[in-house]
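The values are calculated or read from the model by the stated rules, or taken from the named source; none is laboratory data. Keep in mind that this is a model prediction, so the values were computed, not measured. Virtual Cβ from ideal backbone geometry, glycine too; neighbours counted across all protein chains shown. Accessible surface areas use protein heavy atoms only, side chains included; no ligands, DNA or RNA. Shrake-Rupley method; radii C 1.70, N 1.55, O 1.52, S 1.80 Å.
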Amino acid sequence: MSMTQHAEPAVGTPPAPGRKESDGRTKQRPLALRLLARPEVGVFLGAVAVYVFFLIAAPPVRDGSSMANILYQSSTIGIMALPVALLMIGGEFDLSAGVAVITSALTASMLSYQLTMNVWVGVIVALLVSLGIGFLNGWMVVKTGLPSFLITLGTFLILQGVNLAVTKLVTTNVATDDISDMDGFGQAKKIFASSFDVGGVQVKITIVYWLVFAAIATWILLRTRYGNWIFAVGGNKDSARAVGVPVTFTKISLFMLVGFGAWFVGMHQLFTFNTVQSGEGVGQELIYISAAVIGGCLLTGGAGSAIGPVFGAFMFGMVQQGIVYAGWNPDWFKAFLGVMLLGAVLINLWVQRTATRR
């Protein structure tokens, strides 16, 4: 007895040529709406609006040297905002990022000066310390299952206290000693804090590093397996683990990337000013996170880009310096910061709803 069933021939009238039925779910949205749904486009338009506003409100902004200063200010924020953004895409936060910058600079400065070593010894040890802090944060988050907010808040308080206490203990002051006359200082300054001339305008090397790091981060997110892992663990770490994504490695390495960024910015500050104030860095972590959020990184993880935080950092630099060039009270910067952050959160909410709407 055959179990095969034969389909009955269709008797309906075939649809007219050139007409396609649509149930509404496959209907393509207008190009403008799809572009606006990209967080990079939204923050780009916001950055253009802020730039135009200060071009009108603060005429000194139109000068080449002023723009170089704005880009420099943006780069010192943007270099740290990039690894913080990658970490947020991976579903975690690091509230110790701001003071970790100062910890790195203090380590390099005091180790080199107190032991009368070549400054490169301090630079390398500071890198190991920064990576170690990142590793410890990531390891505790993964192994304990506690929110990274709580883990890194504890790290923030520890580093803040250690920065102040150890600096006072070693130098009997709240700042480190000047290291500008030590061996290796000139070489390190050329790498971390030099400038070059463009059309008669002095441009800081950090601007170049900022753009190069942004290009590398974009390539990682869009073209590598590691980038897929970042999005996967940020979206749903249990599902990611089920399909073979190394969740532990990915999260710990993201925290270590933040440590690397803290080291790099710390070295820039050290070799720019020759000394470090141990109480600085508090509050900077909020600016890094805000730049990433304004750049389109969702607070829930699993979505974002590296280009968005570049424009987010530019908006911060533009506002911070634009207020000064306009001759306004610098206290207004915090108000602008709050407005930009709230606006970015609302835009991100709209983007999330638009992306999931059928």
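Some values worked out for this structure:
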read-out	value
Qualifying residue in the range 96-112 (condition: in contact (Cβ under 8 Å) with a residue 60 or more places away in the chain, closer than 18 Å to Lys251 by Cβ and aliphatic (A, V, I, L, M))	yes
Residue that is surrounded by the most Cβ atoms within 10 Å (Cβ to Cβ) [pool: residues in the range 139-153 that are more than 17 Å from Ile289 (Cα to Cα) and without any contact (Cβ under 8 Å) to a residue 24 or more places away in the chain]	Met140
Pair list, Cβ under 6 Å, 6 or more apart: the range 36-50 residue open to solvent by 40 Å² or more (accessible area, probe 1.4 Å), other residue modelled with pLDDT of 80 or more and part of a helix (DSSP H, G or I)	Phe44/Phe311
Checklist (1) of a type outside the set (A, V, I, L, M); (2) within 19 Å of the chain's Cα centre (by Cα); (3) open to solvent by 40 Å² or more (accessible area, probe 1.4 Å); (4) modelled with pLDDT under 95 applied to Arg241, failing item	(2)
Filtered residues of the range 90-138 (kept if in contact with a Gly (Cβ under 6 Å, 6 or more places away or on another chain), open to solvent by 10 Å² or more (accessible area, probe 1.4 Å) and of a type in the set (Ser, Thr, Tyr))	none
Selected residue (only one of Gly132, Gly138, Gly98 is over 23 Å from Ile287 (Cβ atoms) and assigned to a helix (DSSP H, G or I))	Gly132
Residues (hydrophobic (A, V, I, L, M, F, W, C), crowded, with 19+ Cβ neighbours inside 10 Å and within 18 Å of Ser112 (Cβ to Cβ)) located in the range 170-213	Ile179, Met182, Phe185, Ala188, Phe192
Residues of the range 109-129 satisfying the condition of being under 20 Å from Gln284 (Cα atoms) and among the small types (Gly, Ala, Ser)	Ala126
Residue identified as outside any helix (DSSP H, G or I) and touching a helix residue (DSSP H, G or I) at 6+ places or on another chain (Cβ under 9 Å) among Asp177, Asp181	Asp177
Filter result for the condition that a residue is touching a residue at least 60 places away in the same chain (Cβ under 8 Å), touching a His at 6+ places or on another chain (Cβ under 8 Å) and of a type outside the set (D, E, K, R), over Thr171, Thr206, Thr250, Thr218	Thr206
Tally of residues being under 25 Å from the mean Cα position of the chain (by Cα) and either acidic (Asp, Glu) or not in a helix (DSSP H, G or I) (or both) across the range 37-70	3
Residue in the range 160-167 that is farther than 25 Å from Val84 by Cα, in contact (Cβ under 8 Å) with a residue 24 or more places away in the chain, in contact with a helix residue (DSSP H, G or I) (Cβ under 7 Å, 6 or more places away or on another chain) and buried (at least 18 other Cβ atoms within 10 Å of the Cβ) present	yes
Search result, residues across the range 306-323 that are surrounded by 24 or more Cβ atoms within 10 Å (Cβ to Cβ) and either touching a Pro at 6+ places or on another chain (Cβ under 7 Å) or at positive phi (or both)	Gly308
